[in-house]
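Presented below is the structure to which this report refers.
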Amino acid sequence: MTRFLIPFLFLVTFSFAQMQENENFIEEEKESSVDCLILKDENSIICKFETQRSVEDQTIIAQWIDPTGEVSRSREMIVPAGHGSIYDYRYIKGRVDGTWTFKIILDNQEYTTQFELK
């Protein structure tokens with residue numbers, strides 16, 4: 001009887017520890033964010049949107065807004081199920097100098113960041 005009881009108790013204890021770990025992980029999930037990086041040597045602007053991972057695909061709209069306030073490009077993109085980020089990039093050459101805005105729209109919420117081209 002004890003040879004069945006000990007493995008059973010071990011399994012129950014291990015399962016409980018896993019549940020506690022998962023609950024702590026959920027509490028530590030961070031807010032969605034967006035950030036851009038300018039790589040002059042590669043003539044690129046790379047923007048990244050991070051969000052909480054979901055079991056379903058998430059549809060977002062990514063917008064590049066030029067210094068005059070006009071939407072330079074708007075794309076509908078999908079963050080695949082199980083993924084937590086998506087990237088978009090543009091070349092620096094041909095972009096108007098000034099303060100640009102990169103905006104993500106997800107579930108009627110907007111996330112923005114700004115960067116300056118000189």
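Count of segment 39-66 residues, restricted to those that are small (Gly, Ala, Ser), modelled with pLDDT of 95 or more and over 13 Å from Phe102 (Cβ atoms), is 1.
Examine segment 25-36 for a residue that is at pLDDT 95 or above and open to solvent by 70 Å² or more (accessible area, probe 1.4 Å), and state whether such a residue exists.
In the first step, residues of segment 25-36 are kept if they are at pLDDT 95 or above; the result is 34-36.
Restricting the remaining residues to those that are open to solvent by 70 Å² or more (accessible area, probe 1.4 Å) gives 35.
Yes - at least one qualifying residue is present in segment 25-36.
Anything in segment 76-101 that is without any contact (Cβ under 8 Å) to a residue 40 or more places away in the chain, open to solvent by 90 Å² or more (accessible area, probe 1.4 Å) and either among the basic types (Lys, Arg) or closer than 20 Å to Ile38 by Cβ (or both)? List them, or say none. Result: Asp97, single match.
Checked against (1) modelled with pLDDT of 95 or more; (2) under 12 Å from Cys47 (Cα atoms), Thr99 meets all criteria but (2).
Look at (1) modelled with pLDDT of 95 or more; (2) within 15 Å of Lys48 (Cβ to Cβ); (3) open to solvent by 30 Å² or more (accessible area, probe 1.4 Å) and you find that Ile104 fails only one, number (3).
Within segment 107-118, which residues are of a type outside the set (D, E, K, R), open to solvent by 40 Å² or more (accessible area, probe 1.4 Å) and part of a strand (DSSP E or B)? Give the steps one after another, and end with the answer.
Going through segment 107-118, the residues of a type outside the set (D, E, K, R) turn out to be 108-109, 111-115, 117.
Right, trim to open to solvent by 40 Å² or more (accessible area, probe 1.4 Å) and you get 108-109, 111-112, 114.
Selection gives Gln109, Tyr111, Thr112, Gln114.
Filtering segment 70-101 to residues that are among the small types (Gly, Ala, Ser), within 20 Å of the chain's Cα centre (by Cα) and not in a strand (DSSP E or B) leaves Ala81, Gly82, Gly84. Residues in segment 41-58 that are under 17 Å from Ile92 (Cβ atoms), open to solvent by 50 Å² or more (accessible area, probe 1.4 Å) and among the aliphatic types (A, V, I, L, M): Ile46 alone.
The values are calculated or read from the model by the stated rules, or taken from the named source; none is laboratory data. As the structure is a prediction and not an experimental result, all values here were calculated from the model. Positions of Cβ are backbone-derived with ideal geometry, glycine not excepted, and every protein chain shown enters the neighbour counts. Surface accessibility is based on the protein's heavy atoms, side chains included, excluding ligands, DNA and RNA. Shrake-Rupley method; radii C 1.70, N 1.55, O 1.52, S 1.80 Å.
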